[in-house]
1. Could you please find all residues in the range 14-47 being closer than 20 Å to residue 76 by Cβ, touching a helix residue (DSSP H, G or I) at 6+ places or on another chain (Cβ under 8 Å), buried (at least 16 other Cβ atoms within 10 Å of the Cβ) and not β-branched (Val, Ile, Thr)?
2. Which residue out of 75, 95, 91, 61 is surrounded by 18 or more Cβ atoms within 10 Å (Cβ to Cβ), of a type in the set (A, V, I, L, M), under 13 Å from the mean Cα position of the chain (by Cα) and modelled with pLDDT under 90?
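The values are calculated or read from the model by the stated rules, or taken from the named source; none is laboratory data. Since we're looking at a predicted model, the values are computed, not measured. Don't worry about glycine lacking a Cβ; one is built from the backbone with ideal geometry, like all the others, and counts go over all protein chains shown.
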Amino acid sequence: MSDLQCPATVVFVADAAAADNLPTSRFRVAQVMSPYVRTPMDLVGAVENAADEYRGECVAVVAPRPLVIEALDEVSAGGSSATPSPDDPWVAVDVDSAGWTLLHTES
């Protein structure tokens, strides 16, 4: 990933319909993506490519929650593992050259 001046915000959702229910006061989704991924590193690659393309913007990515959690373990910023609550309706991260930083679901 190239060095980003502004992080991209990536919001992981269970399906494309869930992207329509994101709080618009917090997320202005520029693109909804459903990448074909089989492994956490496939997801990391797809997200980092999207972050390069959508710097400073928000992208919703449809992905299974277990795969998202494994990907977070791989690339959390500062090497710290971040685990979202299983009750959260979505998982949001800021993505930049330092890694992924988990954002809280509260506004």
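1. Residues satisfying the conditions are 40, 43.
2. 75
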